[in-house]
Amino acid sequence: AFFSTSFEQRVFLQLGGAIPPDPLELFMALGYSEENEGIPSKINETLAGLQLRTANMSLGKKLKVIYKTVQDDFLKKYTEDAYFNDIFVSGNFNCVTASALYAILLSRLNIPYVIKEMPDHVYLIADPNHTGFLIESTLPTKGVVAFDDKFKSSYIEFLHNNKIISTNEYMNKSHEELFAS
């Protein structure tokens, strides 16, 4: 058997089908057990509360409330070997699983984001085409950061100097395009 549970089998067999699986179910499939059945309800409760509390806030304030809510309600201890479901059982998380939770919430709150991946880290940028707020799940005291133009320029310079972006890209794309990609 390729699958550990019938839940995992159902979700993964939906891949490539006419109706793609729910991203939440994909994350839940790895290490799934019956105690994980309440995860969608927990996320829906959190979403309902966030929608009420942030309805009339600016994007920056909204993101700070989202960040603090997730940190306070779900993320208890950083550990490298955490599955997504661990967030809801023990509060254990890592940069991948916590970023996945933030991505699910941002998506359902209609806040655009991109997931950034480095060789040993994952994080999010919310509103990447405008304000570009960093959402760093592993820094609870500084988790939502807005980038100014000076920071963006020095970051792009760093990427170019370390050959993470090519000279061609550096010369032919704007700093905004490079920062968002």
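The values are calculated or read from the model by the stated rules, or taken from the named source; none is laboratory data. Computed from a prediction, not measured in an experiment: that's the story for all the values here. Cβ: placed from backbone, ideal geometry, glycine included. Neighbour counts: every protein chain shown. Heads up: the accessible areas ignore ligands, DNA and RNA and are worked out on the full protein's heavy atoms, side chains in. Shrake-Rupley method; radii C 1.70, N 1.55, O 1.52, S 1.80 Å.
Evaluation of residue 107 against the conditions (1) polar (S, T, N, Q); (2) surrounded by fewer than 14 Cβ atoms within 10 Å (Cβ to Cβ); (3) at pLDDT 95 or above; (4) more than 15 Å from the chain's Cα centre (by Cα) shows that the sole unmet condition is (4). Taking the criterion of being in a helix (DSSP H, G or I) and under 25 Å from the mean Cα position of the chain (by Cα), the residues of region 158-181 that qualify are 158, 159, 175, 176, 177, 178, 179, 180.
Residues in region 5-58 that are assigned to a helix (DSSP H, G or I) and among the acidic types (Asp, Glu): 8, 25, 34, 35, 37, 45. State yes or no: is residue 84 open to solvent by 40 Å² or more (accessible area, probe 1.4 Å), touching a Phe, Trp or Tyr at 6+ places or on another chain (Cβ under 7 Å) and among the aromatic types (Phe, Trp, Tyr)? No, not satisfied.
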